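The values are calculated or read from the model by the stated rules, or taken from the named source; none is laboratory data. Everything numeric here is computed off the predicted structure, so don't read it as measured data. Backbone-built Cβ (ideal geometry, glycine too); neighbour counts: all protein chains shown.
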């Protein structure tokens, strides 16, 4: 990346689940003759395919997708490691490409690349396993109460439905003896490339209908069988998520199958709403409907030129 900052451009395409990011990004990658980096924190894992709506061979349309099937569920992988890996990859890609596309619904992983991650202390795997055990046996409430006691500042900020974030914060508190919030300085890192941020959204009813249809397709493709095979790994961070937790609870006899399907759809809609809330916190996103192809390309071209 010897050229000036404005010679190289990272197009970030963010938005909620099922909004249509994959199709648009493949079209963008073809238009700009480039490659796609996935910032979906669950699509990294080879064993999680149906429940993460990974783009299949046909959907990828010959475009190279990085960080899809890049890791095993048996490995630990986090946003800090992703930041370092993506920056190294971008350095390589920008030697040949002027534009690269980064896309996903995992706001934390996107922010790690665009703004940098705070340095976090080493944490204990044993503590994580203990916290995951509490989550599995007693639910999220005891963990929230513990977080409120150990770090009242972060407790006010955290998405209280996101067990991954709660456990991560507690891991740091318990491993370091200091509040998680004390490590979150949020000092934005300067990048040696230009960043163009695009958000995708649809009318709420249209989005929710697409989510419900996607769940139906996942179930037809064998989501139950995939989740059953992953059940032994259910305490893994990546599986503490919508699309798998509901089926794990069904497998444990907590409710019947019709209720599992209802919860899959309801919780996926709620997840999409939380994703939108996250991305709308950042005013540097410009929002489009996925069908606004000409407007999106015009907007990018104005930034690139």
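Couple of notes before you dig in:
- Among the residues of region 281-294, those identified as surrounded by 12 or more Cβ atoms within 10 Å (Cβ to Cβ) and either closer than 24 Å to residue 228 by Cα or touching a strand residue (DSSP E or B) at 6+ places or on another chain (Cβ under 8 Å) (or both) are 282, 285, 286, 287, 288, 289, 290.
- Close pairs (6 angstrom Cβ cut-off, 6 or more residues apart or separate chains): farther than 21 Å from residue 132 by Cα in region 146-157, at pLDDT below 95 anywhere: 153/181
- Among (1) more than 30 Å from residue 98 (Cβ to Cβ); (2) in contact (Cβ under 8 Å) with a residue 60 or more places away in the chain; (3) assigned by TED's automatic domain parsing to the domain that holds residue 40, the one test that residue 164 misses: (3)
- Test: residue in region 60-69 that is farther than 17 Å from residue 195 by Cβ, part of a loop (DSSP other than H, G, I, E, B) and touching a residue at least 40 places away in the same chain (Cβ under 8 Å): no
Yes/no per residue for (1) in contact with a helix residue (DSSP H, G or I) (Cβ under 9 Å, 6 or more places away or on another chain); (2) farther than 30 Å from residue 23 by Cα; (3) part of a loop (DSSP other than H, G, I, E, B):
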residue	(1), (2), (3)
166	yes, yes, no
171	yes, yes, no
188	yes, yes, yes
197	yes, no, no
202	yes, no, yes
205	no, no, no
208	yes, no, no
213	no, no, no
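- Residue that is surrounded by the fewest Cβ atoms within 10 Å (Cβ to Cβ) [pool: residues in region 120-141 that are over 20 Å from the mean Cα position of the chain (by Cα) and in a loop (DSSP other than H, G, I, E, B)]: 122
- Leading residue by the ranking (surrounded by the fewest Cβ atoms within 10 Å (Cβ to Cβ)) among those in region 223-267 that are under 22 Å from the mean Cα position of the chain (by Cα) and in a loop (DSSP other than H, G, I, E, B): 235
- Qualifying position, being touching a strand residue (DSSP E or B) at 6+ places or on another chain (Cβ under 6 Å), in the same structural domain as residue 280 (by TED's automatic domain parsing) and crowded, with 17+ Cβ neighbours inside 10 Å, among 215, 196: 196
- Count of region 95-115 residues which are out of contact with any helix residue (DSSP H, G or I) (no Cβ under 6 Å at 6 or more places or on another chain) and either in a helix (DSSP H, G or I) or not assigned by TED's automatic domain parsing to the domain that holds residue 238 (or both): 4
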